[in-house]
Amino acid sequence: MKKAVYPGSFDPITNGHLDIIKRAAEIFDEVCVAVISNPDKNAYFSLEERLQMLKEAAKDIKRVKVDYFDGLLVDYAKQKGFESIIRGLRAVSDFDYEFQMALTNRQMNPKIETVFLMTDYKYSYLSSSIVKQIAHFGGDVHKLVPRNVARRLKKS
Ligand code: ADP
C-alpha cells in the first residue's frame, strides 16, 4: 500500500491544489492532504476553516484524506507511514524553494521521497495569495477555487 502526504498551507485550497490532489490519488493508494499548522505563518483562514474547506472540496475524491500537522514534515510522515511527499510545481519561481525543501527532507530522512507533479497550464498562474487579493477587492474567483471556497471568500 503506497501512502503519500501532500502538505501545504492551503490558505485557501485552489483549483490548482485540487488538480494535484486528483492526479496524486490516481498514482497512490492513499493521499493525505495535510495542512501545516504553523502559528508563525500568518494565515488568513484559521486551521479549522482551512481543514473544513479542504474536506468539503475533496469529499468526492476516492483515496483522499485530510489531516493537519505541526513540527517537522518528515517526522509526521514517518509516524503516519507515508513513503512519499507530494508537491506541485508551477513556474521556475517555485523551483528554488522546493529544491531546498526536498533536499533538506531527504537529508533528514532518505527513506521518504519527494514527488513533484507539474501544474496543469490552466493553473500555472494560480496561487492562494492571488485568490485572496482578487476576493479582497470584490473580484470573481469562482473559476479559480472550489465552489465552497468561493462562497466562503465572498463572506469574508
Ligand atoms: P506552501 O505554503 O507549503 O507552499 P501552498 O498551499 O501554497 O503551501 O502549496 C502547497 C503545494 O501546492 C506546493 O507544493 C505548491 O507549489 C503547490 N501548488 C500551489 N498552487 C499550485 C498550482 N496552481 N498548481 C500546482 N501546484 C500548486
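Each reported figure results from applying straightforward, stated rules to the coordinates on display, with no laboratory input. Note that the structure is a prediction, hence the values are computed from the model and not measured. Note: ideal-geometry Cβ built from the backbone for every residue, glycine included; neighbour counts use all protein chains shown.
The lysines whose alpha-carbon is closer than 16 Å to the alpha-carbon of K3, local same-chain residues fewer than 8 away aside, are K22, K62, K65, K78, K80, K111. Simple rule: put +1 on each Lys or Arg Cβ and -1 on each Asp or Glu Cβ in the stretch 32-105, find the dipole, and look at T104, A77, C32; the Cα lying farthest toward the positive end is C32.
By other beta-carbon atoms within 10 Å, ranking T104, T14 with the fewest at the front produces T104, T14. Of the residues S37, S129, the one with the fewest other Cβ atoms within 10 Å heads the list, and the complete ranking is S129, S37. Dipole magnitude for the chain: about 480 debye, using +1 per Lys or Arg Cβ and -1 per Asp or Glu Cβ, origin at the Cα centre. Applying 1/(1 + (r/R0)^6) with r as the Cβ-Cβ distance of D70 and D140 and R0 = 30 angstrom yields a FRET efficiency of 0.30. Under the combined filter of DSSP loop state and at most 10 neighbouring Cβ atoms within 10 Å, the stretch 107-150 retains these trypsin sites (Lys or Arg not before Pro): K111, K143. Relative contact order of the chain: 30 percent, from C-alpha pairs under 8 Å at least 6 residues apart in sequence. Its DSSP H runs of at least 4 residues, each contributing -39,500 (n - 2.57), put the calculated 222 nm mean residue ellipticity of the chain at -13000 deg cm²/dmol, to the nearest 500.
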